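Have a look at the structure below before the remarks.
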Amino acid sequence: MTIQYLHASKFGNGAKIAAEFKRQMATDGVAVEVHHIRDVKASAPARADLYVFSSPGRMGRPIGGMRRFLKKLRLPAGTRYALLTTEMAPKPDKKTGRMPTEEELARWQRIRPLMNEVLQAKGLVLVAEDKVHVGGLKGPLEDAWEDKVGAFASRIALGVADVPRDAATGSATRTRHGSTELEAGSARVR
Ligand SMILES: Cc1cc2nc3c(=O)[nH]c(=O)nc-3n(C[C@H](O)[C@H](O)[C@H](O)COP(=O)(O)O)c2cc1C
């Protein structure tokens with residue numbers, strides 16, 4: 001059972017997440033190979049049971065390198081994948097102090113929808129998706145980000161084990177770094 005974790009980290013936050021994901025999956029006996037996309041040939045990526053794609057946000061979209069990589073990517077239809085992006089934490093409106101609603105955010109933060117669009121057009125199958133927030137343009141990662149990565153890793157471990165969907169979305173959340181529980185709906189598993 002192998003996972004290829006392909007990221008496009010520019011300032012290092014996404015690279016840290018990749019390393020943490022690898023560490024957590026290793027405790028489940030799942031091997032993860034982490035690569036920056038600049039070191040991977042999109043037309044012939046190494047074989048894996050599952051691919052995780054991770055991109056930072058840029059003007060509401062995935063960073064350009066990831067957009068080009070996904071466009072060129074060649075994998076057989078039916079290949080399973082997951083997304084774990086790094087995105088700016090929402091901020092309150094400067095004038096009103098009001099936080100944007102999910103709907104408002106989704107209008108300009110189209111990072112994962114755009115990645116899904118390209119990958120699903122190639123017949124790839126989404127297993128899970130989530131984001132980790134950064135506080136500013138270059139970071140730092142949100143508090144307790146390791147827990148979020150742990151919860152995501154749990155879902156992936158269940159996903160690659162091909163357990164029934166109910167079990168995958170149930171309460172089998174592990175919290176290796178503290179007491180944070182997986183937020184309902186923070187990651188999707190199919
Ligand atoms: C020019 C620029 C534009 C950005 N635009 C967005 C954006 O639209 N949405 C977003 O979530 N993050 C945006 N970010 C912040 C990135 O999310 C952040 O740089 C990234 O998550 C950090 O990950 P990395 O350290 O792995 O590169 C932007 C950053 C820069 C430098």
Around Thr2, with a cut-off of 14 angstrom between Cβ atoms, what is the net charge of the other residues, counting Lys and Arg +1 and Asp and Glu -1?
0
Between Met59 and Glu117, what length in nm is gained on full extension when 0.36 nm per residue of separation is reduced by their alpha carbon distance?
19.1 nm
Which whole-angstrom value gives the distance between the alpha carbon centres of the stretch 34-65 and the stretch 93-143?
16
Between Glu102 and Lys10, the two model label points (7 Å from Cα along the beta-carbon direction) sit apart by a distance in nm of 2.9
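Using the number of other C-beta atoms within 10 angstrom as an exposure proxy, rank Ile63, Ile3 with the fewest first. Before the final figure, lay out the partial values.
Details: Ile63 21, Ile3 25.
If I rank by nearby Cβ atoms, fewest first, I get Ile63, Ile3.
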What is the calculated FRET efficiency for Asp39 to Met1, with r their C-beta to C-beta distance and R₀ = 30 Å, to the nearest 0.05?
0.85
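Past 27 Å, Cα to Cα, is the threshold; run Lys10/Lys148; Lys71/Lys131; Lys95/Lys138 against it and keep the listed order. The partial results should precede the final answer.
Values: Lys10/Lys148 20 Å; Lys71/Lys131 21 Å; Lys95/Lys138 24 Å.
Table pairs above 27 Å Cα-Cα: there are none.
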For the stretch 2-169, give the magnitude of the charge dipole about the Cα centre (Cβ charges: +1 Lys/Arg, -1 Asp/Glu; no others), in debye to the nearest 20.
980
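Please work out the FRET efficiency for the pair Asp143 and Met88, using the Cβ-Cβ distance as r and a Förster radius of 22 Å; give the result to the nearest 0.05. Don't jump to the answer; show the numbers that get you there.
Numbers: r = 15 Å, r/R0 = 0.69.
Once rounded, the FRET efficiency stands at 0.90.
No lab work stands behind these numbers, since they all come straight from the coordinates. Nothing here was measured: the structure is a model prediction, and the numbers come from that model. Neighbour counts are summed over all protein chains in view; Cβ atoms, including those assigned to glycine, are modelled from backbone coordinates with ideal geometry.
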